[in-house]
1. Going out from 0 in 5 Å bins, what whole percent of all Cα-Cα distances in the range 27-76 drops into each bin?
2. Per residue, how large is the accessible surface of the chain? Use a 1.4 angstrom probe and give square angstrom.
3. What is the distance in Å between the Cα centroid of the range 19-50 and that of the range 58-82?
4. In the Gaussian network model of the chain, springs joining C-alpha atoms below 10 Å, which of E68, E37, E60 carries the largest mean-square fluctuation?
5. Tell me the relative contact order for the chain as a rounded percent, counting alpha carbon contacts under 8 Å between residues six or more apart.
6. Please report, largest first and rounded to whole Å, the three semi-axes of the ellipsoid equivalent to the chain, where each semi-axis is the square root of five times an eigenvalue of the C-alpha gyration tensor.
Amino acid sequence: MLYLARLLHACDGDLLRNMVVLVKDGCVKDIYSFAGETHSMILVDEIFISIVPSLKLVNEIKKISHLEPGERLYAYGLDDAGVLHLLA
């Protein structure tokens, strides 16, 4: 699934704007700058990227400075109650 994030909270703490996140089998496969809308792209206000697969609250996210080879990333959206949910 492709998601367009108006704001992307990267795992290193950077805040990026207008980024596309490709999620496959529950994991982030690619992140790149938005160049144009594609079929089945979903607009999300904010996406949070983390190495932790079971987060519920934004304050549980820990910044990491680098990724180990093969380490998985997970993308989270934020619902109206302020609870994180995995993007599939």
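The values are calculated or read from the model by the stated rules, or taken from the named source; none is laboratory data. Because the structure is predicted, anything quoted here is derived from the model rather than measured. Surface areas here come from the heavy atoms of the whole protein model, side chains and all, with no ligands, DNA or RNA. Shrake-Rupley method; radii C 1.70, N 1.55, O 1.52, S 1.80 Å.
1. Answer for the range 27-76: a P(r) of 4, 14, 27, 23, 15, 13, 4 percent.
2. Working: 5670 Å² over 88 residues.
Value returned for the chain: 64 Å² of accessible area per residue.
3. 14
4. Ranking E68, E37, E60 by mean-square fluctuation puts E68 first.
5. On the way: 184 pairs, mean separation 27.6, N = 88.
Relative contact order for the chain comes out at 31 percent.
6. Values: eigenvalues 69, 46, 31 Å².
Semi-axes, largest first: 19, 15, 12 Å.
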